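Peer 1: Got a structure for you, written out below as structure tokens; questions coming shortly.
Bear in mind that the values in this text are calculations on the coordinates, not laboratory data. Computed from a predicted structure; not experimentally measured. Positions of Cβ are generated from backbone atoms using ideal geometry, with glycine treated the same way; all protein chains shown enter the neighbour counts.
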Amino acid sequence: MANNIAEQIKLLRRGTVEIYTEAELVEKLAEAAKTGRQLRIKLGLDPTSPDIHLGHTVVLRKMRQFQDLGHKAVLIIGDYTARIGDPTGQSTTRPMLEPAQIEENAKTYFQQAGKILDTSENKLEIRHNSEWLADLRLADIIKLAGNMTVARMLERDTFEIRYKKGEPIGTHEFLYPLMQGYDSVMVKSDVELGGTDQTFNNLVGRDLQRVNGQKPQVVITTPILVGLDGKEKMSKSKGNYIGVTDEPNNMFGKVMSISDEMMENYFTLLTDVPSEKIAELVNSNKTHPKEAKVLLGKTIVSQFYGQQSAQAAAVEFDKVFAQGQLPEEIPEVEISAEPIAASKLLVHCKLVSSGSDAKRMIKQSAASIDNEKLNDPNAVIIPKNGMIVRVGKRNFARLKVNP
């Protein structure tokens, strides 16, 4: 059994930042193997945003590893805590969400998380923390708050920074880590997963479990995935993300756009490719970077759409970008025959998010019409049937002129 536990630890350690503590994790895994009891692996979700990108899948994949080892994922839909809003990483107080919006986001989030997790009944338990938090009385909340000092709360970097800047911190925000920690008590979690930005909250869960006579959960933190720009955390708001619902060609194309230096990180956090193989793939003396990146793209796409779609996406990418041909499918955009400024045409075709974005792309020589680069945002374009408008490497539109 010792060898088997060592193998499990090796698997679970991959792609993590910290394990609080590994010795306790070994003990829990050994006990589970001996008794046949499933470990309860908690992941709390604050459904303030419904869409999942590959950055979110890092921790979901770690949860899936536990499921594949026979344990149960306990997904906490933070419908009650979302009414406060997690202050993690925030320089200002987050606005509270309405219950209806929270529930709608939670449904969307679960549908997308199901692309990674095993959703069978014996492997997944879904709970809403309103089940227990909504019933707490004032006396219960005061007792809960008594387990944490203000000094300890201010150890949290986001609070400390705001406090030093003299920016307001709502008293209700101090309750968030306590409420999330109380979730661990109520579901009797053995392990809690989270990004490094959740370390403080998750460690509070350990403290509260001790106070309530439970064995403290093991806390495993996973790294924050860097976005396509190679600089900042992957985020939809920053536009540097790959969504789990992106269609195969777009998903593959985005993966191909990352720098060679980012491949090792993506292989490690987003695939099951063995570490020894990854070392070969990212060594340019052994594997050409493009070959490695194509494998990365196909591996990621196949996780969501299957190998056939992944191969088709690779073929389409080569056709469009290596051979300079047009994609098989190009969205058709209806437009009048009236003359239109180049920048407004890009906006009309929904190839850019705004007029200023259109002007920026044109000035960067990243926009073209029928393979002729645009260089003047104010250039007058007379739309014609079949005209191909392109922005960047992956965005196309074919004009259909209304009579």
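Peer 1: Along its three principal axes, how long is region 248-322 when you only count alpha carbons? Whole Å, largest extent first please.
Peer 2: Cα spread of region 248-322 along its principal axes, largest to smallest: 28, 24, 16 Å.
Peer 1: So how far, in whole Å, is the C-alpha centre of region 295-332 from the one of region 118-175?
Peer 2: Rounded to whole Å, the Cα centres lie 44 Å apart.
Peer 1: Of the listed values (i) 0.91; (ii) 1.14; (iii) 1.21, grab the one calculated as Cα Rg over 2.2 N^0.38 Å from the structure here.
Peer 2: This structure yields the entry labelled (ii).
Peer 1: Which far-off residues, 5 or more places away or on another chain, put their amide H under 5 Å from the one on Tyr80, with H placed in the peptide plane?
Peer 2: When sequence neighbours closer than 5 places are left aside, the close amide H contacts are Asn129, Ser130.
Peer 1: Then there is this: Determine the calculated [θ] at 222 nm for the chain from helices alone, applying -39500 (n - 2.57) to every DSSP H run no shorter than 4 residues and normalising by the residue count; nearest 500 deg cm²/dmol.
Peer 2: Values: 17 runs with 178 residues, N = 403.
Mean residue ellipticity, 222 nm, calculated: -13000 deg cm²/dmol.
Peer 1: Using θ = phi - 60° and the Karplus form 6.51 cos²θ - 1.76 cosθ + 1.60, what ³J(HN,Hα) does each residue of region 294-307 get, whole Hz, x for Gly and Pro?
Peer 2: 4, 4, 4, x, 5, 5, 5, 4, 5, 5, 9, 10, x, 5
Peer 1: Tell me, what does the Kirkwood hydrodynamic radius of region 191-264 come to in angstroms if you use every pair of distinct C-alpha atoms? Please report the intermediate quantities before stating the final value.
Peer 2: Details: mean 1/r = 0.0680 Å⁻¹.
Computed over Cα pairs of region 191-264, the Kirkwood hydrodynamic radius comes out at 14.7 Å.
Peer 1: Next question. With Kirkwood's inverse mean 1/r over C-alpha pairs for Rh, give me the Rg to Rh ratio of region 109-166, two decimals please.
Peer 2: Working: Rg = 18.2 Å, Rh = 15.4 Å.
That ratio is 1.19, to two decimals.
Peer 1: For the chain, what relative contact order do you get, as a whole percent, if you take Cα pairs closer than 8 Å and at least 6 residues apart? Each step should come with its number before you reach the end.
Peer 2: Working: 637 pairs, mean separation 55.5, N = 403.
Relative contact order comes out at 14 percent.
Peer 1: Can you give the % of DSSP beta bridges in the chain that are antiparallel, to the nearest 5? The partial results should precede the final answer.
Peer 2: On the way: 16 of 38 bridges.
For the chain, the DSSP antiparallel bridge percentage is about 40.
Peer 1: Among Val389, Met361, Ile340, whose Cα lies farthest out toward the positive end of the dipole of region 332-401, if unit charges sit on the beta carbon of Lys, Arg (+1) and Asp, Glu (-1)?
Peer 2: Result: Met361.
Peer 1: Also, quick follow-up: Place a +1 charge on the Cβ of each Lys and Arg in the chain and a -1 charge on the Cβ of each Asp and Glu, then give the dipole magnitude about the Cα centre in debye, rounded to the nearest 20. Write down the numbers at each step before the final one.
Peer 2: On the way: 52 positive and 52 negative charges, 70 e Å.
Its charge dipole is roughly 340 debye.
Peer 1: Mind checking the alpha-carbon convex hull of region 263-403 and giving the volume per residue in Å³? Each step should come with its number before you reach the end.
Peer 2: Details: hull volume 19.3 nm³, N = 141.
It comes to 137 Å³ per residue, whole-number rounded.
Peer 1: Can you list the trypsin sites (Lys or Arg not before Pro) in region 246-310 that are in a DSSP coil and have 13 or fewer other beta carbons within 10 angstrom? Don't skip to the answer; put the middle values down first.
Peer 2: Numbers: sites: Lys254, Lys277, Lys286, Lys290, Lys293, Lys298; in loops: Lys286.
The qualifying sites are Lys286.
Peer 1: Please list, ordered by chain and number, the residues whose modelled amide H lies under 5 Å from the amide H of Gly195; skip anything fewer than 5 residues away on the same chain.
Peer 2: Residues meeting the criterion, in which the H sits 1.01 Å from N, are Thr222.
Peer 1: For region 337-352, take each phi angle, set θ = phi - 60°, evaluate the Karplus expression 6.51 cos²θ - 1.76 cosθ + 1.60, and give the result in whole Hz per residue in order, putting x for glycine and proline.
Peer 2: 7, 5, x, 8, 5, 4, 5, 5, 5, 4, 5, 4, 7, 6, 8, 9
Peer 1: I need the semi-axes of the equivalent ellipsoid of region 95-136: take the C-alpha gyration tensor, multiply each eigenvalue by 5, square-root it, list largest first in whole angstrom. If you can, show how the numbers build up before the last one.
Peer 2: Numbers: eigenvalues 102, 50, 7 Å².
They are 23, 16, 6 Å, listed from largest to smallest.
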